[in-house]
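Take a look at the structure below.
The values are calculated or read from the model by the stated rules, or taken from the named source; none is laboratory data. Keep in mind that what you see is a predicted model, and the values were worked out from it rather than measured. Here Cβ is always computed from backbone atoms with ideal geometry, including for glycine, and neighbour counts include all displayed protein chains. Please note that ligands, DNA and RNA were not included when accessible areas were found on the heavy atoms of the full protein model with its side chains. Shrake-Rupley method; radii C 1.70, N 1.55, O 1.52, S 1.80 Å.
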Amino acid sequence: MSLNLEQYVSEFSAQNINGEHLLQLDGSKLKALGMTSSQDRAIIKKKLKEMKTSMEKARKAQEKMEKQREKLRKKEQEQLQRKSKRTDKSPSDATEGAKEQ
């Protein structure tokens with residue numbers, strides 16, 4: 001509707017075309033859905049291409065964020081392990097130091 005193509009809404013609804021299905025449509029499938037105007041098909045295909053590009057960028061950004069979180073989590077875990085090892089060594093060092101005195 002935002003593309004001024006509301007005349008196709010009823011046919012798309014009748015065919016259960018939702019967002020996921022819409023992304024998979026090509027020119028011939030659009031024509032089969034009653035979109036006889038090549039200009040209308042071009043508008044839809046251009047918008048679909050923009051949406052796919054946008055979705056891909058968002059997916060890549062999400063993957064990058066997840067990798068950064070995982071890297072940070074591993075770094076924090078390593079720091080905790082190092083701290084734990086130092087804590088484990090400290091009491092034995094203190095005991096040995098007391099024995100020497």
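Being open to solvent by 80 Å² or more (accessible area, probe 1.4 Å) and within 30 Å of the chain's Cα centre (by Cα) is the filter; apply it to the stretch 7-27 and report the residue that is modelled with the lowest pLDDT. Per the stated criteria, the residue is Glu20. Could you tell me whether any residue of the stretch 71-79 is open to solvent by 70 Å² or more (accessible area, probe 1.4 Å), modelled with pLDDT under 90 and among the aliphatic types (A, V, I, L, M)? The answer is no; no qualifying residue exists.
Pairs linking a residue in the stretch 1-24 that is closer than 14 Å to Asp40 by Cα to a residue that is loosely packed, with under 12 Cβ neighbours inside 10 Å and among the β-branched types (Val, Ile, Thr), with Cβ atoms under 7 Å and 6 or more positions apart or on different chains, are Met1/Val9. What number of residues within the stretch 29-66 satisfy the criterion of being open to solvent by less than 70 Å² (accessible area, probe 1.4 Å) and either touching a strand residue (DSSP E or B) at 6+ places or on another chain (Cβ under 8 Å) or outside any helix (DSSP H, G or I) (or both)? Total satisfying the criteria: 4.
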